[in-house]
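So the structure is just underneath, and the comments pick up after that.
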Amino acid sequence: MTIIVFLVFVLFVLWMSFYLARRTTTAAGYYAAHGQIHWGVNGIAFAGDYLSAASFLGICGMIATVGYDGFLYSIGYLAGWIVALFVVAEAMKRLGKYTFADAVDAKYDSRGIKLAAAISTLIVSVFYLIPQMVGAGVLVEPLLGLQHHWGVLMVGAVVITIVATAGMTSTTYVQFLKGLLLIIFSTVLVVAVLMRGFTTRPDQGGRESFYEYQSLAAEETGGQLTVSEPGWDVVETQEVSLTATATATFVKLAHGGAETWWMVNRTPAGVTLEETQSSVTTSDGRHLVNGAPASEDNQLRQVGNLEQVRGQTNPPKGRTGPFAFLSAMADEDTIVRRWQKAKFTDRNDGAVMVYYSALTPGNRLMRPGLKFKVEGSPIDKLDFISLMLALFCGTAALPHILIRYYTVPDQASARKSTIVAIAAIGFFYILTLYMGLGATINGVLNPADNNMAGPLLARSFGGLLFAIISAIAFATILGTVSGLIVAASGAVAHDLCDRYLKMKMDDRGKVRIGKIAAVVVGAFAIVLGILFKGMNVSFLVGLAFAIAASANLPALLMLLFWAKTTAKGITASIFVGIVSALTLIGFSPAVYTQFGLDPATAPIPFSNPGIISIPLSFAVLIVVSLLTQEPKREADAEPEAA
Amino acid sequence: MSHEPSAVVAEDAAAGYKTRLGVWMFICYTLFYAGFVALNLASPRAMESKVLAGLNLATVYGFALIVVALILALIYDGLCRAREEAARVDAAEGDTN
């Protein structure tokens, strides 16, 4: 069933691309769909473009594991559309032709701007492409039973076909279709979550029996642990740093021929050992899951459940309302069992990943603080401000979003399509809170990878919904990757080859080189998607937002609102934005953690660069513009939108 | 201007008004958004308090940021359309005279 639904969808998309290709022979058709897309279609296509793997897979997964902190991404991503609507939408339509570079270069005809804007478009697109391709690989593993690299190759091949056949026209209709289906079936999924209501023993509608984790009494004398119950022997003990200030103790116990990892819980009442899950790669290369060899039947168990709802361990069965659901989840007497992970090396040099549970009251889950340290040090608070700033400023600076303003006929259509996008995206982001929390409490989470929270939640309601949601999730990636490849191919073919290098080409030649660029960028994305397997999807998209906000937004805003802006100022601002954002990211604790280094040794103390790189880019633009004023240019340079 | 747009864009007599309106609405929303960020940092525990229909302040403020964005967008569109219509009428009358 899953494979049939998936194949039908992919074949339909390919048919549509070949059908639309017959109408795409000019550069205006290839890059901007002739500027004749209806604003309603374009608005939903905006949603299709924007609701990428990070939104559907990443945000749902993050809410499922850290609660409200994941929803902050939804809020920030949506708020960014206000910048797009009130400041950028109509100006982009008025200024540009095919690419972001067209708009910022409209008044200057500067080779420096063309080069800087094309490089910026390529870098942002690549940072945005990697998580989409990684998401594709993650998705096909449970969906089709294929390995990660086959998923990446499949997405790459389909997307290259879509883009290389009909460019922006087919991309627009793929995104329209995907955006519409995503919103409709996410609503269906949320209704199903509310109809199921609350239980403390989730069994996926009777498909998976609820697993009760054990707790063992223990004694600790002179630092030595012994299990009170006979037949359990302590094999080794490991002290593990969880954060800069928190540690945990894990013990390996031998029982009935199997060795498993347990977490030590010390309370004034005594010591208990709490059962965990573990994934161990031994020094001789064997892979063990929960103490036994990994196999199709021995995988990590799905997790996540309520321990009590408003103080009740057996809450009334039956459906709940949307407000009642959120109210109960935020109650201080609602207790959620969340899962976290710790990595260490055992005494036999085996690489151990332990997944342990922690009980969290609802009032803590449903306010900021589990991921973002809003009660932490000034640096932690600065990091939070920086993230919210980048999310707010990033949307209106994403090249694949900006070029969609060229696909509508006029400025009013650009405005109206943005409003449709805000309605569709805002509604979807409200749904993410329900889908994420639904995954938190329904025992569907893969403790090793939260990116599949949404599709796995759908699977708990049956194969058909899982098939549809997975096909849509796949289409989500197809749509976004298509848009990104159109933006990147435009940067290469239109900005670099045509306008920067001044290669002589007729209209068909421009389309041909655009298609070649799409194939090359698509192939590059496939390679990166395979190389970056295991990287966190939301993390990389957050970085793309920060780079876009630092490199592109200052140039766009100052061009519109400051008459003294010069071409050299814009060029310098874009380059400084790119370099500063990339440098700050490269030396941040998040990247150190990602590559297995000690985050405490990172030279930059915070992970989100926006709070430094965005103002720096503005400052450079102002200073360089003031230093490079030309009397003639001064007279001409009226603020575009004053 | 060195590049022509992808579609022929007509002269927009309301462009100045729409830009000023957009800037003011952008400032209003930015203050609302900044208030959310500041409240989260200044008093995260206040976000736990139940304020409406059993929902806590974090949820209500978060939803409000999404809903208010749409309401402001619709108001902006309504005002822009009214000004565009008035500009069209003025232009038509100018042609007649």
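Taking a threshold of 29 Å on the Cα-Cα distance, which of the pairs A:Lys381/B:Lys50; A:Lys504/A:Lys564; A:Lys533/A:Lys568; A:Lys317/B:Lys50 fall above it? All intermediate terms of the calculation are to be shown ahead of the outcome.
Numbers: A:Lys381/B:Lys50 24 Å; A:Lys504/A:Lys564 33 Å; A:Lys533/A:Lys568 39 Å; A:Lys317/B:Lys50 24 Å.
Listed pairs above 29 Å: A:Lys504/A:Lys564; A:Lys533/A:Lys568.
The residue list A:Thr440, A:Gly43, A:Pro554 was ranked by how far each Cα lies along the charge dipole of chain A toward its positive end, using unit charges on Cβ atoms, and A:Gly43 comes out on top.
In percent, how large is the relative contact order of the stretch A:428-586, given Cα pairs closer than 8 Å and 6 or more residues apart?
Values: 83 pairs, mean separation 20.4, N = 159.
Value for the stretch A:428-586: 13 percent.
Counting only Cβ charges, +1 for Lys and Arg and -1 for Asp and Glu, the dipole size of the protein assembly as shown around its Cα centre is about 1380 debye.
Reducing the stretch A:337-383 and the stretch A:247-313 to their Cα centroids gives an inter-centroid distance of 16 Å. Note on the stretch A:395-516: dipole from Cβ charges, positive end direction compared against A:Ala488, A:Tyr429, A:Pro455; the farthest Cα belongs to A:Ala488. For chain A, the 222 nm mean residue ellipticity estimated from helices alone, with every DSSP H stretch of n ≥ 4 adding -39500 (n - 2.57) and the total spread over all residues, rounds to -18000 deg cm²/dmol.
Would you work out the charge dipole size for the stretch B:15-96 about its Cα centre, treating the Cβ of every Lys and Arg as +1 and the Cβ of every Asp and Glu as -1, and quote it to the nearest 20 debye? All intermediate terms of the calculation are to be shown ahead of the outcome.
Numbers: 7 positive and 7 negative charges, 89 e Å.
Dipole size: approximately 420 debye.
Straight Cα distances below 28 angstrom link A:Lys416 to the lysines A:Lys93, A:Lys97, A:Lys107, A:Lys178, B:Lys18, with same-chain residues fewer than 8 positions distant left out. Using the Cβ of A:Leu627 as centre and a radius below 12 Å, the other residues enclosed give a net charge of +1, where K and R count +1 and D and E count -1. When the trypsin sites (Lys or Arg not before Pro) in the stretch A:303-361 are filtered for DSSP coil states and for at most 12 other beta-carbon atoms within 10 Å of their beta-carbon, the remaining sites are A:Lys317, A:Arg347.
Rounded to two decimals, the Cα-based Rg/Rh of the stretch A:350-482, with Kirkwood Rh, is 1.03. Simple rule: put +1 on each Lys or Arg Cβ and -1 on each Asp or Glu Cβ in chain A, find the dipole, and look at A:Tyr592, A:Ala396, A:Pro361; the Cα lying farthest toward the positive end is A:Ala396.
For the stretch B:15-96, the equivalent ellipsoid derived from the Cα gyration tensor has semi-axes of 40, 13, 5 Å, listed largest first.
Could you do me a favour and compute the accessible area per residue for the stretch B:15-96, 1.4 Å probe, result in Å²?
Values: 4040 Å² over 82 residues.
Each residue of the stretch B:15-96 exposes 49 Å² on average to a 1.4 Å probe.
Dividing the Cα radius of gyration of chain A by 2.2 N^0.38 Å, with N the residue count, gives 1.01. Rounded to the nearest 10 degrees, the angle from helix B:57-96 to the longest Cα principal axis of chain B is 10 degrees.
Can you give the helix-only mean residue ellipticity at 222 nm for chain B, where every DSSP H stretch with n ≥ 4 adds -39500 (n - 2.57) and the sum goes over all residues, rounded to the nearest 500 deg cm²/dmol? Spell out each step's value before the answer.
Values: 2 runs with 68 residues, N = 97.
Taking each H run of at least 4 residues, the total per residue is -25500 deg cm²/dmol.
Find, among the GluC sites (Glu not before Pro) in the stretch A:222-289, those assigned to loop by DSSP (not H, G, I, E, B) with at most 13 other beta-carbon atoms within 10 angstrom. Don't skip to the end; give the middle numbers.
Details: sites: A:Glu236, A:Glu239, A:Glu259, A:Glu274, A:Glu275; in loops: none.
The qualifying sites: there are none.
At a threshold of 8 angstrom on Cα-Cα distance, excluding pairs fewer than six apart, so keeping six or more, what relative contact order does the stretch B:15-96 reach in percent? Intermediate values should be presented prior to the final figure.
Details: 26 pairs, mean separation 23.0, N = 82.
This gives 28 percent for the stretch B:15-96.
Membrane-span-like helices in chain A, defined here as complete DSSP H runs extending at least 18 Å along the helix axis by their C-alpha atoms with mean Kyte-Doolittle hydropathy no lower than 0.0, are A:2-21, A:68-83, A:111-144, A:148-196, A:378-394, A:411-441, A:463-490, A:507-531, A:537-551, A:567-586, A:610-627; this is a sequence and geometry rule, not a statement about a membrane. Heavy-atom accessible area buried between chains A and B is around 4800 Å² (1.4 Å probe, both sides summed). Shape analysis of the stretch A:270-375 places it in the prolate category; the axes a ≥ b ≥ c from the Cα gyration tensor give an a/c of at least 1.5, with a/b above b/c. The accessible surface of the stretch B:15-96, taken with every protein chain in place and a 1.4 Å probe, is 70 percent carbon and sulfur.
For the pair A:Thr272 and B:Ala91, label points projected 7 Å from Cα toward Cβ lie 7.4 nm apart.
Rg and Dmax of the stretch A:35-84, both derived from C-alpha coordinates alone, stand at 13.2, 43 Å.
Apply the a/c threshold of 1.5 to the C-alpha gyration tensor of the stretch A:67-160 and tell me whether it is rounded, prolate or oblate.
Details: a/c = 3.09, a/b = 1.58, b/c = 1.95.
It comes out oblate by the Cα gyration axes.
The values are calculated or read from the model by the stated rules, or taken from the named source; none is laboratory data. The structure displayed is predicted, hence computed values, not measured ones. Cβ coordinates were reconstructed from backbone atoms using ideal geometry, including for glycine residues, and neighbour counts include every protein chain displayed. Surface areas here come from the heavy atoms of the whole protein model, side chains and all, with no ligands, DNA or RNA. Shrake-Rupley method; radii C 1.70, N 1.55, O 1.52, S 1.80 Å.
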